[in-house]
Amino acid sequence: MTADDPTAPAPTDSRTAEPPSGRPAGPAGDPGGGAGRYPRPPVALDEAEWVWRELSVEALRPGGKPEVVRLAVIAGLTRATGARYGDLLRVRAEDLDLGPEPGAATRRARTHGPEAGEGSVLVRHGKHRTVRTHRLPPEVVLLLRHWMVVRTELAAELEGSVPRALLLTVHHTHDNGTTVSSGLPITRQGLVLSWRRFVHRTNARYGAVRSPLPTRFEQVRRAWVEAGVHDPGREVAAVDSSSSEINSVPSVENQPQRR
């Protein structure tokens with residue numbers, strides 16, 4: 001077979017060839033396409049919605065644990081905005097607009113219909129901190145109102161004002177022999193551990209009647225995003241450059257294991 005033989009197969013261009021997985025080729029350096037980069041499949045939408053219902057109901061029960069309330073807020077914000085852990089860590093209390101107080105919201109509902117009680121949140125998405133404002137449904141606003149009360153109680157023992165970060169630690173922790181108070185901005189590792197504790201507890205409780213939950217919350221987040229449950233939001237001009245510093249605290253408080 002010679003180079004001029006018309007029966008010879010055409011050379012393959014690695015830039016346009018379909019990857020072995022059968023997925024369409026993505027940009028250079030991402031042969032599997034953007035959707036194929038995450039190695040674990042998302043859960044079914046029904047499963048993700050079950051997680052949301054379970055957390056939201058448990059969080060509003062009398063005597064509900066602060067950790068469950070915080071986890072329900074994380075699930076509600078993720079479901080409403082599509083935000084990842086890193087995006088949620090940048091959300092500040094002043095980024096929330098929870099609308100009028102409940103009494104005023106009830107009066108508004110009589111005149112403005114089913115959208116009464118909605119709120120909004122500013123989220124800084126991704127490494128470029130793209131600022132988008134997202135609509136919050138009434139059930140998430142209700143949870144956030146409850147969390148704001150719990151959040152103030154958690155930070156009561158701190159000197160000075162309550163931290164600006166929306167998500168705070170709920171436990172006293174011990175880092176390198178030093179007791180760290182609750183009510184401090186939580187870290188990404190703290191969010192990971194909080195979700196895993198919920199998963200282990202839930203799997204042990206429902207192990208005989210339902211399939212186990214995944215240990216990675218990203219698999220739940222992707223179910224909502226791929227189903228289009230979240231509000232894509234509206235991009236706005238950057239509000240300020242201080243969002244990257246909202247979790248900055250003295251060195252003893254900035255340990256990676258805060259929960």
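The values are calculated or read from the model by the stated rules, or taken from the named source; none is laboratory data. Quick caveat: nothing in here was measured; it's all calculated off a predicted structure. With ideal geometry, Cβ positions are generated from the backbone for all residues, glycine too; neighbour counts draw on all protein chains shown. Keep in mind that these areas ignore ligands, DNA and RNA; they rest on the heavy atoms of the full protein, side chains included. Shrake-Rupley method; radii C 1.70, N 1.55, O 1.52, S 1.80 Å.
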Can you tell me which condition Leu213 does not meet? The list is (1) in contact with a strand residue (DSSP E or B) (Cβ under 8 Å, 6 or more places away or on another chain); (2) open to solvent by less than 80 Å² (accessible area, probe 1.4 Å), and all the others hold.
(1)
Go over the candidates Glu159, Glu153 one by one and state the one that is more than 17 Å from the chain's Cα centre (by Cα), in a loop (DSSP other than H, G, I, E, B), closer than 26 Å to Asp95 by Cα and among the acidic types (Asp, Glu).
Glu159
Top-ranked residue of segment 182-194 - restricted to ones that are in contact with an Asp or Glu (Cβ under 9 Å, 6 or more places away or on another chain) and assigned to a loop (DSSP other than H, G, I, E, B), ranked as surrounded by the most Cβ atoms within 10 Å (Cβ to Cβ)
Leu184
Looking at segment 78-101 only, could you name the residues that are open to solvent by less than 20 Å² (accessible area, probe 1.4 Å), touching a strand residue (DSSP E or B) at 6+ places or on another chain (Cβ under 7 Å) and not charged (D, E, K, R)?
Ala80, Thr81, Ala83, Val91
Tally, over segment 57-67, of residues that are in a helix (DSSP H, G or I) and surrounded by fewer than 22 Cβ atoms within 10 Å (Cβ to Cβ)
4
Taking segment 162-216 as the search range and keeping residues that are modelled with pLDDT under 85 and aliphatic (A, V, I, L, M), which one is farthest from Asp95 (Cα to Cα)?
Ala208
Only one of these is assigned to a loop (DSSP other than H, G, I, E, B) and either over 21 Å from Ala83 (Cβ atoms) or modelled with pLDDT of 95 or more (or both): Pro100, Pro114. Name it.
Pro100
Which one is farthest from Ala75 (Cα to Cα), of the residues in segment 195-212 that are part of a helix (DSSP H, G or I) and of a type in the set (S, T, N, Q)?
Asn203
